[in-house]
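To start, the structure under review is shown below, and the notes come after it.
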Amino acid sequence: MSTPVTYRDLLMDRYKLVHDWVPEGTKRVLDVGCGNALFTQWLRERAGEVFGVDHNPRNCRRGRREYPTLRLAASAAEHLPFASESFDCVVCSDTIEHVDDDQAAVDELLRVLQPGGTLVLTMPQGGLFGWLDGENVVNGAFELVRRLKIPKRGGGRLLSSFHYRPHHHYCLRKVERLLAGRVDVRRVVRGGLFLYPSLYLLEKCAESFLGRDLVSADYRTLRRLRAWDFTLPFGPLAFNIAVLARKRGAP
């Protein structure tokens, strides 16, 4: 999904954490899953060159028009179009849970990262209220309608061509398995309990059933509440997890 317009000029919750974890003075940073680059453009404050990739070419075209200094390319996370050890920092924020092959994606992140470089990952952990995940709740409802094979006027079945990939959740142990001992984990932040998933679910329902686009709608108040919830450390109960790591090997 593209970055909501709220974050064009308001840096908070996981976006602020990711931004702050990119070391000042970074030469080249890559944002994997950059969407429309509304967050990626903030990384210009931290790095000399900012690159981004997204699976959706339309997102990349929009990002290039708005931020011509960014270097954006359409690519799947599992097949990054860069040489090995090209970046001293790689960011992948709430993207791994969407890909076809999470292990292949993490392998690619580490391939293009220089030894001694910084890796920043965020993804949903699930936690106590993981069942409120807006992507799974709303899309799960659509999937149920598809499976019921409800006839529609004019022939055919409701949502007969609907398909979605479940939004996966990652506990710390699962993240460590993906990294497979190739990094030294420096920090782990697990925040957000009930407000974070429930308010996103509210936004997702407004988009799916009322036609209020998640990207263009400026839910500033709701997202400030989510940001506050994100700052509270709930450990294994939290909905979100963020990992800061350093790739092993001589820089």
Which is in contact with a helix residue (DSSP H, G or I) (Cβ under 6 Å, 6 or more places away or on another chain) and assigned to a helix (DSSP H, G or I), of Leu214, Leu201? Leu201
The residue from Ser2, Ser93 that alone is within 26 Å of Gly126 (Cα to Cα) and either among the aliphatic types (A, V, I, L, M) or at pLDDT below 95 (or both) is Ser2
Across the stretch 65-79, the tally of residues that are free of Cβ contacts under 8 Å to residues at least 40 places away in the same chain and within 22 Å of Val112 (Cα to Cα) stands at 10
Residues that are within 18 Å of the chain's Cα centre (by Cα) and surrounded by fewer than 15 Cβ atoms within 10 Å (Cβ to Cβ): does the stretch 230-237 have at least one? yes
On the given criteria, is Ser161 hydroxyl-bearing (Ser, Thr, Tyr) and assigned by TED's automatic domain parsing to the domain that holds Ala141? yes
Near pairs, Cβ below 6 angstrom, 6+ apart or cross-chain, from the stretch 1-20 (of a type in the set (Val, Ile, Thr)) to any residue that is surrounded by 18 or more Cβ atoms within 10 Å (Cβ to Cβ) and in a helix (DSSP H, G or I): Thr6/Arg223
Within the stretch 100-116, can one find any residue that is part of a loop (DSSP other than H, G, I, E, B), at pLDDT 95 or above and assigned by TED's automatic domain parsing to the domain that holds Arg28? yes
Scan the stretch 11-39 for residues that are closer than 15 Å to Cys89 by Cα and either within 12 Å of the chain's Cα centre (by Cα) or assigned to a loop (DSSP other than H, G, I, E, B) (or both) and jot them down. Val18, Val22, Pro23, Glu24, Gly25, Asp31, Val32, Gly33, Cys34
Looking for something at pLDDT below 95, more than 13 Å from the chain's Cα centre (by Cα), surrounded by fewer than 20 Cβ atoms within 10 Å (Cβ to Cβ) and of a type in the set (Asp, Glu) - is there at least one such residue anywhere in the stretch 63-83? yes
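The values are calculated or read from the model by the stated rules, or taken from the named source; none is laboratory data. As the structure is a prediction and not an experimental result, all values here were calculated from the model. Heads up, the Cβs are rebuilt from the backbone with ideal geometry, glycines too, and the neighbour counts pull from every protein chain shown.
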